[in-house]
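Each remark here refers to the structure printed beneath this line.
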Amino acid sequence: MPEQQNIEYKQSWHDDYLKWVCGFANAVGGVIYIGKDDAGNVVHLTGYVRLMEEIPNKIRNAMGIICDVQLHDEQEKKYISIKVNPYSVAVSLRGRYYYRSGSTKMELTGVELNEFLLKKAGKTWDDVIEEGATIKDIDEASIAKFIEDSNEKGRMPETKGLSTFQILEKLKLTDGKKLKRAAIIMFGKEPMRFYPNIQVKIGRFGSDASDLKYHEVVEGNIVQLMQEVQVQLNYKFLTRPVVFEGFQRVEKNQYPIQALREMLLNALVHRTYMGATIQMRVFDDKLSIWNEGGLPFGLSLEDLKSDHNSRPRNPIIANACFFAGYIDTWGRGTLKIINACKEAGLPEPDIKEMNGGVEVTIFLQTIVDETGSPIGSPTGSPTGSPIGSPIGSPTGSPIGSPIGGPIGSPIDNLTDRQKEVLKIIEEHNKISKRKLAEQLNINVSAAQAHLDILKEKGLIRREGGTRGFWEILYKK
């Protein structure tokens with residue numbers, strides 16, 4: 001029998017193999033055979049009498065655990081088995097922690113060690129109290145948007161008349177009178193004040209990863225990122241081919257809306273929040289999203305392509321996103337991505353583990369006209385025509401209506417957020433983009449993106465520079 005997850009063969013004993021014992025104890029347990037080759041054949045073990053006494057003592061003295069050590073005889077050849085049981089507490093070897101993953105032994109350090117110790121203590125990273133946070137660090141506008149998003153699914157507990165803290169209690173984001181880390185990630189005013197890299201980095205590349213053309217960084221809590229990443233993608237990074245069907249102007253999506261939405265949600269819910277930022281790469285012919293954090297133990301890449309159980313890295317965050325209708329907690333996120341691409345006639349997405357995380361890549365949809373000829377350009381540019389329809393609302397439906405539609409109805413075909421921007425400008429025509437961003441609870445670059453869309457559609461115009469005012473054109 002070859003080596004596997006819970007079996008290890010060694011021809012002779014070395015004290016370094018205590019690391020393997022530690023790794024088994026911290027994982028699912030296992031058996032180490034001393035006196036067998038890599039194929040599992042007995043090679044006879046010399047000094048077995050001495051080892052039968054030394055090995056149990058060394059394990060107990062070095063790690064404080066007890067293992068079942070047995071002597072075996074096969075055709076007059078001796079070998080020893082060391083049966084290691086899994087332990088509910090973390091086991092260390094001289095202050096270092098080892099873990100058995102697959103058929104290899106690995107030392108846990110940094111983020112992986114932190115998550116491992118939390119797991120052994122019955123906690124996850126997002127379930128820990130954030131001692132430095134108070135209710136003043138919670139953005140009420142984000143909670144209001146969250147509740148609005150939850151209306152269609154009807155999963156959210158009744159919140160009418162409740163205070164902000166009571167709503168967080170309903171979402172299991174508090175512990176006594178204190179906030180959990182998940183509360184800051186979901187609704188924090190400035191989550192990066194508490195944790196680094198709570199952001200999504202978006203880059204536009206040419207033919208390969210060495211050809212970076214431009215990039216943007218979007219910061220904020222999950223509710224904000226769900227909105228503002230969409231704005232940046234649609235305005236600056238993707239270009240939608242346009243076709244005319246009769247007298248209707250119709251804009252086609254380069255990539256399936258649901259696939260993009262699920263890719264972003266998966267990255268936000270399953271990422272390691274003390275690790276690197278989420279990275280989106282937009283190429284001429286594909287789009288990828290990478291987040292730090294490997295697959296849970298026992299879940300393979302092939303499992304993601306079929307029905308599998310939901311095992312979120314951040315269950316408290318996942319539970320809150322379930323209430324809003326963002327996810328369904330049934331492990332169907334990758335299946336939705338795959339099926340959305342299949343329905344759009346695209347190749348199967350590429351899902352792989354790399355650089356300590358998971359990357360999902362979808363490939364460009366080619367839009368053709370009635371003759372079969374490609375329409376539009378696959379490349380986005382900062383000055384290209386903006387995409388008016390965001391990736392999709394948290395319920396899966398597009399937010400507002402696309403910019404396309406009947407010619408001559410520019411107001412009706414704005415997104416809800418663009419209509420909100422227009423209304424604010426009508427009421428305060430001297431408002432600056434910074435004040436606009438504050439009022440909308442978005443960053444300045446996102447506010448500028450909305451303004452640029454309205455200007456390009458001929459609805460508004462800025463007169464007089466920074467000390468000037470907004471002129472409303474569509475009423476004329």
K58 among the basic types (K, R) and within 30 Å of G356 (Cβ to Cβ): no
Any hit, the stretch 320-342, residues being more than 30 Å from I143 (Cα to Cα), out of contact with any Leu (no Cβ under 8 Å at 6 or more places or on another chain) and surrounded by fewer than 19 Cβ atoms within 10 Å (Cβ to Cβ): yes
Residues of the stretch 75-114 that turn out to be closer than 11 Å to G23 by Cα and of a type in the set (D, E), as a count: 1
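If I ask for residues that are outside any loop (DSSP other than H, G, I, E, B) and surrounded by 15 or more Cβ atoms within 10 Å (Cβ to Cβ), which ones from the stretch 78-97 would you list? Explain how you work it out, then say what you get.
In the first step, residues of the stretch 78-97 are kept if they are outside any loop (DSSP other than H, G, I, E, B); the result is 78-84, 93, 96-97.
Matches in the stretch 78-97: K78, Y79, I80, S81, I82, V84, L93, Y97.
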Q4 modelled with pLDDT under 95, buried (at least 16 other Cβ atoms within 10 Å of the Cβ) and farther than 21 Å from L93 by Cβ: no
Number of the condition not met by A183 [criteria: (1) modelled with pLDDT of 95 or more; (2) within 18 Å of L265 (Cβ to Cβ); (3) not hydroxyl-bearing (S, T, Y)]: (2)
Any hit, the stretch 441-454, residues being farther than 22 Å from V231 by Cα and either surrounded by 14 or more Cβ atoms within 10 Å (Cβ to Cβ) or within 38 Å of the chain's Cα centre (by Cα) (or both): no
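Residue-by-condition table, conditions (1) under 13 Å from Y33 (Cα atoms); (2) within 28 Å of the chain's Cα centre (by Cα); (3) touching a residue at least 40 places away in the same chain (Cβ under 8 Å):
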{"residue": "D68", "(1), (2), (3)": "yes, no, no"}
{"residue": "I80", "(1), (2), (3)": "yes, no, yes"}
{"residue": "R94", "(1), (2), (3)": "no, no, no"}
{"residue": "G102", "(1), (2), (3)": "no, yes, yes"}
Residue match in the stretch 152-166 (condition: aliphatic (A, V, I, L, M), surrounded by 16 or more Cβ atoms within 10 Å (Cβ to Cβ), touching a Ser or Thr at 6+ places or on another chain (Cβ under 6 Å) and not in a helix (DSSP H, G or I)): yes
The stretch 259-298, subset touching a helix residue (DSSP H, G or I) at 6+ places or on another chain (Cβ under 7 Å) and part of a loop (DSSP other than H, G, I, E, B), residue surrounded by the most Cβ atoms within 10 Å (Cβ to Cβ): Y273
Some residue of the stretch 410-417 being assigned to a helix (DSSP H, G or I), at pLDDT below 85 and either under 30 Å from the mean Cα position of the chain (by Cα) or not charged (D, E, K, R) (or both): yes
Subset of the stretch 167-195 (residues that are of a type outside the set (A, V, I, L, M) and in a helix (DSSP H, G or I)): E169, K170, R181, F187, P191, R193
Where A141 falls short, out of the listed (1) more than 21 Å from N314 (Cα to Cα); (2) outside any helix (DSSP H, G or I); (3) among the aliphatic types (A, V, I, L, M): (2)
So K153, is it farther than 25 Å from Y17 by Cβ and touching a Gly at 6+ places or on another chain (Cβ under 6 Å): yes
Conditions (1) of a type in the set (D, E, K, R); (2) closer than 24 Å to R313 by Cβ; (3) in contact (Cβ under 8 Å) with a residue 40 or more places away in the chain; (4) part of a helix (DSSP H, G or I): number failed by K236: (2)
Residue list for the stretch 6-38, restricted to those being touching a Gly at 6+ places or on another chain (Cβ under 9 Å) and among the charged types (D, E, K, R): E8, K10
Residue check for I316: touching an Asp or Glu at 6+ places or on another chain (Cβ under 6 Å), crowded, with 20+ Cβ neighbours inside 10 Å and at pLDDT 90 or above: yes
Filtered residue count, the stretch 98-124, keeping only those that are over 18 Å from L299 (Cβ atoms) and either aromatic (F, W, Y) or outside any loop (DSSP other than H, G, I, E, B) (or both): 11
Test for L118: is it closer than 30 Å to Q5 by Cβ, aliphatic (A, V, I, L, M) and either surrounded by fewer than 13 Cβ atoms within 10 Å (Cβ to Cβ) or not assigned by TED's automatic domain parsing to the domain that holds S92 (or both): yes
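The values are calculated or read from the model by the stated rules, or taken from the named source; none is laboratory data. No experiment lies behind these values; they were computed from the predicted model shown. Counting neighbours? That spans all protein chains shown, and the Cβs are built from the backbone with ideal geometry, glycine included.
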